[in-house]
Each structure stands twice: as C-alpha cells, then as structure tokens.
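First up is the structure itself, then whatever we jot down about it.
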C-alpha cells in the first residue's frame, strides 16, 4: 500500500539521453556531409545544437517526470501520466505475464533499476515500464504483482507423434501455391538475361520446337512456370522436411527443416484458435493445412502462427485433432448461410468490377472487361457457399473464403470480445455480420463472417454472453 | 440480444462534440484563407473556389456541431453488468459489442482539455485482443466505472 509517487528525478536524465540518442545519428550524418565545406566550424555548431537539444528535451522530460506518478498495492499497480491528455492505468496481477527487472550502467550510478511489466496482448499498451526506481521498490512491486505460478502435472509419458511422410511432403510442396510469386521473380530475371542468352537457345525455341511465335511464347511461359513450380516445391520440401509434431502433457513439440532444423515448444494454453486452411491448389485434392493462432510471450519470439500439420487429408483432420488437441473438436459442420444472403455475396463480388467497367465501356475494347463478370459471379457464389457458422459446446466454428477456404475453431474462453454489425440493407434482410476478436501475436486478430442469419447470431450472442 | 443496452452518455457530450465541431471548422477555415492570400499574392485564379470552400466548411461544421451530436447522443448506449460490458453505437452501420469481464485486461480513462473543462472523460476498455471506448462520461462516473470494472473483472476471473 502506498500513495501516488514520482519516480527518481534521474528519470529526467535517462529520458533526455534516450531521446537525444535517437536524434544524434542523423545530426552527425548531416555534420559529416558538411564537414568538407565548413571545416571545424561545423563541429562547434554540432556540439552547440546537441547541447541546445538536450536542454529542450530536459525541459520536456521534467514535465513528463512531474506528471508521471505511480502507486501500488497488493495485486495492483496504478499509474497516472500525461501533460495535457491525462491517462490513468491500473494493472492487476492476474493479467501480468512477465515482470523483468534490469539495470543499465547509467542506472547503476544512481542505484536505480527498470521494472518492466508485460501483460497479455498484442496491443501497444500491453507493456509498461518504470525506468527509475530503486531496486527494493521494484522488488516490492514485483511481489505485489506476483501471481501464483502454474503447476504442471508432469506425468512424463510419451505422447502420440505425427510425421510427414516424404510423399506427403512432396504433395504439400507441389500444392503450396508459392510458385506464382517465384514465377514473377523468375520472369523478371529472365527478361534481364535476354541479351546474354545464346542464339542457339532461340533457334531451338523458334525453329525446332515450334513454328509460330505465339506458340513459342506460350512454351516459354509454360517452361518458366514449370521451373518455378519445381524450384518452389524443392524449397518447400527442404524447409519442411522431417516435420514432426508430438504431444507431451500440456505441450506440443514441433520440429522441421532439413538444413536448419527448427523447433518450437507450444504450451497448450497459449493456443487461442485453430485454423484449417484449404489452399486453392489443395482444394481439388481435399488437402488442408492446420495452423494455430498463438499468444506470444514477447516480441523476440517469432513464429506466432505455428503450423501444426502442413498437409492433412480431409478424413485425417478429426483424427489429428483427437490425438493432439482433444480440446478442440471438428465433429460439427458449420451451418451454411441463409439463401437470402446469396444475392448479397454476388453483389459484393461484382459491384467493384461493374464500377470499374462503366468508364471502360467508352474505351475501345473496354467492354471486353465485362467478360470477367461471370468469374466475379462465380467467386461471389463460391464465397457464399463457403460461409458458415457453427456452435458446439464451448466452441464456435467460422468458415469463410477469400481464395483459400478457412475454417477457424475458437473456444469461448479465448474469444476476447464479440461484435455484431449491421448496415441498413442487412437489417432489411435480417442478416448481420459477426466478428470475434482473439489474442494473437504480434498483433491481435479477429475473424469475421458476413451476412449470418439473425437467429443464428442471437444464438451466438447468448452462447457468448454470461447473463 | 433482443433489447439493446440502456445507459446513455452524459448529456454534456453534446457540448463537447459541438465545441469540437466548431474548432474543426475554425481550423478548416485556414484553407480558404490560405488560398485567398496566395491567390492575392501569386496566382490570379477565380475567387469562386474560396467561396465554395467556405460554403463546404459551413455545411460540414453545421453537420458536425449541430446535427450529428443529438443523433450520436441518442444512439450511443452501453451497459455494464456484473459479468460483461455491452456497447452499441452507429447510426447507419450499427455495431454491438460484448466484452466479458474476465477478458478485460485494463481500464483507462482519458480526457482532453475540452472534456476536462466540462468534467467529462472517455472510458477505454482493453482486452488482450481489442480495445473499446465509451466516450464522454461524467468524470466521477468514469472513475467509478473504472474501479467497478477492475473489481468485477477481478472477481469473475477464471483462466486467461
């Protein structure tokens, strides 16, 4: 228990030096550029500017220091700051993820430390720092915020394991769809290489293999496509070779890679949602990829969206989830969208096209653009077909499509907030859009589905609501 | 779900929005002013544009300061219950948000100079995955709500 206090005044110095250090490199660079014309005079000017800047920053930071106060009590840390825009923040122990105490060389001079408190979440506000407090104080605050540590039941038994066979690895690489990107890269490289390609190559292409130039160009494009597909498949295979996932107690061990072997240890409670993705190329074969949305522990820990299985056949999915993540279930199929949503999906996919087409009608051949209309209609229809919402127990399933079809499984306890949105046309048709926010690193994400039947939305609302 | 939340914002919110609208209008006035001065000094273009700009700013300011505030006041609704926060806003695109107490990470209040003068504050509710705001509440009420939510969030805590 304490009343609101300021930090140590040395904070002003720390903050000013920190701010100054971000100004120095560009200033030094500028001085360096001018040094040939101005000689040593620029050095003097540089020092003067630095000094002036430091004074200004100090004045500013005095205000900042003056207006920043903090207070702590058992289970809470309170802070107030802001010169014009007053802000207040209370952090309670249950939300604290990590507490770090560290000391830099300058802080050592004053016997002060930095206390850094991280709460869960990818928002910019998820981290607070007290940069000039004495060590005993920092330890007090740490004890005040210390939540009880988790106890894991270490039975130590060896769990199930899933390995990607070489055949599956090849299929996964072959259908990954990465080659379009590579294709554009390769085409660019190829166009730069044209001058140094030997004439014998062109002879071969234009005379031996084909008779018309159109066929030659087509052949060239096909060849490049094939080459990029081959390369991307190879790269994928090398990167994901020997993919293994194993469950042990409350952890998933995932490792992959041939040359650089990567390993990830996923604590189960950090998995916020499971995403089943059917890529465009994988759809005809009925293959899916399983990924997890993971709440991260810090910014340096990459790989937030962890791949749980690069390739699974349709019938393997529920087997996989049963064995590795019995907490999630896929037994339910999402309820499709109502018929009256169909036209809205069609309009949504064609409207932008029509808007672009109208001015084009006045250009020669512009009306050819309208040939894309059936494609857009098909796309809208496709998206409508994919849309679905399902509830079972304490889990919700959203299915939707952009190009790939996604199916997201979210437990109620991991949905941070739920939003229902309607526009006048939707209200007229008794449809709503739903959006569920979840925690995911580095940034929080949300999943949404448009034009859901209001009855289903009400069910979802009641399912999520606690009163 | 059927009936929306019931609490309205503080009536003084209209004054805040009115002042903000007027201030924006004044700042926007700089544009036709700059045009006029530049036109006088360097260019020789039509004066019509300055008048057009003036008219546009006038309309915008009227809408912002006089027409929208009462509408906004009417449609903003919130409820803070034991277990969840329920917010509804938006005239054309209507948004309804449900935030369970156990998901609330922290609650902030925020007030700029205008709001402070009128004794109002904005309540910011953050979960781990989203941030939500209830604008223009009485300062004391906001502080009280901040305390309430912190307390309720703590009480209904289970797992993250």
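The values are calculated or read from the model by the stated rules, or taken from the named source; none is laboratory data. Please read all numbers here as calculations on a predicted model, not as lab measurements. Positions of Cβ are generated from backbone atoms using ideal geometry, with glycine treated the same way; all protein chains shown enter the neighbour counts.
Just checking, does region B:148-156 include any residue being touching a strand residue (DSSP E or B) at 6+ places or on another chain (Cβ under 9 Å) and either outside any helix (DSSP H, G or I) or at pLDDT 90 or above (or both)? I'd like the intermediate steps shown before the answer.
Our first condition is that a residue be touching a strand residue (DSSP E or B) at 6+ places or on another chain (Cβ under 9 Å); within region B:148-156, this holds for B:148-150, B:152-154, B:156.
This time we only want the ones that are either outside any helix (DSSP H, G or I) or at pLDDT 90 or above (or both), so: B:156.
Within region B:148-156, one or more residues are touching a strand residue (DSSP E or B) at 6+ places or on another chain (Cβ under 9 Å) and either outside any helix (DSSP H, G or I) or at pLDDT 90 or above (or both).
For residue A:144, state whether it is within 36 Å of the chain's Cα centre (by Cα), at pLDDT 80 or above and closer than 30 Å to residue A:13 by Cα.
Criteria met by residue A:144.
Taking residue B:96 as meeting all but one of (1) surrounded by fewer than 16 Cβ atoms within 10 Å (Cβ to Cβ); (2) within 9 Å of chain A (Cβ to nearest Cβ), write down the number of the exception.
For residue B:96, the failing item is (1).
Exactly one condition in (1) at the interface with chain A (Cβ under 10 Å from one of its Cβ atoms); (2) at negative phi is false for residue B:90; which is it?
It is condition (2) that residue B:90 fails.
Take the conditions assigned to a helix (DSSP H, G or I), more than 30 Å from residue A:416 (Cβ to Cβ) and free of Cβ contacts under 8 Å to residues at least 24 places away in the same chain and apply them to residue B:36. Does it pass? Steps first, answer last, please.
Numbers: assigned to a helix (DSSP H, G or I): yes; more than 30 Å from residue A:416 (Cβ to Cβ): yes; free of Cβ contacts under 8 Å to residues at least 24 places away in the same chain: yes.
It is true that residue B:36 is assigned to a helix (DSSP H, G or I), more than 30 Å from residue A:416 (Cβ to Cβ) and free of Cβ contacts under 8 Å to residues at least 24 places away in the same chain.
Output the residues belonging to region B:100-116 that are within 7 Å of chain A (Cβ to nearest Cβ), surrounded by 20 or more Cβ atoms within 10 Å (Cβ to Cβ) and not in a strand (DSSP E or B).
Correct list: B:103 only.
What is the residue count in region B:117-131 for residues that are under 18 Å from residue A:420 (Cα atoms) and surrounded by fewer than 21 Cβ atoms within 10 Å (Cβ to Cβ)?
1
For region A:329-341: of the residues being crowded, with 16+ Cβ neighbours inside 10 Å and at pLDDT 85 or above, which is nearest to the chain's Cα centre (by Cα)?
A:334
Of all residues in region A:308-317 being surrounded by fewer than 20 Cβ atoms within 10 Å (Cβ to Cβ) and outside any helix (DSSP H, G or I), which is modelled with the highest pLDDT?
The residue in question is A:313.
Given the options A:224, A:188, name the one that is surrounded by fewer than 14 Cβ atoms within 10 Å (Cβ to Cβ) and at pLDDT 75 or above.
Numbers: A:224 fails: surrounded by fewer than 14 Cβ atoms within 10 Å (Cβ to Cβ).
None of the other options fit; the residue is A:188.
Exactly one condition in (1) touching a residue at least 40 places away in the same chain (Cβ under 8 Å); (2) out of contact with any helix residue (DSSP H, G or I) (no Cβ under 9 Å at 6 or more places or on another chain) is not met by residue A:218; state its number.
Going through (1) touching a residue at least 40 places away in the same chain (Cβ under 8 Å); (2) out of contact with any helix residue (DSSP H, G or I) (no Cβ under 9 Å at 6 or more places or on another chain) one by one, residue A:218 breaks only (1).
Out of everything in region B:73-84 that is facing chain A (nearest Cβ under 9 Å) and touching a strand residue (DSSP E or B) at 6+ places or on another chain (Cβ under 8 Å), what residue ends up being farthest from residue B:131 (Cα to Cα)?
Per the criteria, the residue is B:83.
Has region A:286-295 got any residue that is surrounded by 15 or more Cβ atoms within 10 Å (Cβ to Cβ), at pLDDT below 80, under 19 Å from the mean Cα position of the chain (by Cα) and closer than 28 Å to residue A:417 by Cα?
Narrowing region A:286-295 to residues surrounded by 15 or more Cβ atoms within 10 Å (Cβ to Cβ): A:287-295.
Now restrict to residues that are at pLDDT below 80: A:295.
Checking which are under 19 Å from the mean Cα position of the chain (by Cα) leaves us with A:295.
Next, only the ones that are closer than 28 Å to residue A:417 by Cα stay: A:295.
Scanning region A:286-295 turns up at least one residue that is surrounded by 15 or more Cβ atoms within 10 Å (Cβ to Cβ), at pLDDT below 80, under 19 Å from the mean Cα position of the chain (by Cα) and closer than 28 Å to residue A:417 by Cα.
When the residues of region A:116-141 are filtered to those that are under 28 Å from residue A:438 (Cα atoms) and away from chain B (no Cβ under 14 Å), which remaining residue is modelled with the highest pLDDT?
Looking at the filtered set, the residue picked out is A:129.
Check B:56, B:60 and return the single one that is surrounded by fewer than 16 Cβ atoms within 10 Å (Cβ to Cβ), more than 10 Å from chain A (Cβ to nearest Cβ), closer than 30 Å to residue B:39 by Cβ and without any contact (Cβ under 8 Å) to a residue 24 or more places away in the chain. It would help to see each step written out before you state the result.
Details: B:60 fails: without any contact (Cβ under 8 Å) to a residue 24 or more places away in the chain.
Going through B:56, B:60 in turn, just one is surrounded by fewer than 16 Cβ atoms within 10 Å (Cβ to Cβ), more than 10 Å from chain A (Cβ to nearest Cβ), closer than 30 Å to residue B:39 by Cβ and without any contact (Cβ under 8 Å) to a residue 24 or more places away in the chain: B:56.
Scan A:85, A:164 and give me the residue that is buried (at least 18 other Cβ atoms within 10 Å of the Cβ), at pLDDT 80 or above and either out of contact with any helix residue (DSSP H, G or I) (no Cβ under 8 Å at 6 or more places or on another chain) or farther than 21 Å from residue B:148 by Cα (or both). Lay out the reasoning, then the answer.
Values: A:85 fails: buried (at least 18 other Cβ atoms within 10 Å of the Cβ).
Checking each option against the conditions leaves just A:164.
Take the residues of region B:117-147 that are assigned to a loop (DSSP other than H, G, I, E, B) and facing chain A (nearest Cβ under 8 Å): which is modelled with the lowest pLDDT?
Among those residues, the one meeting the criterion is B:129.
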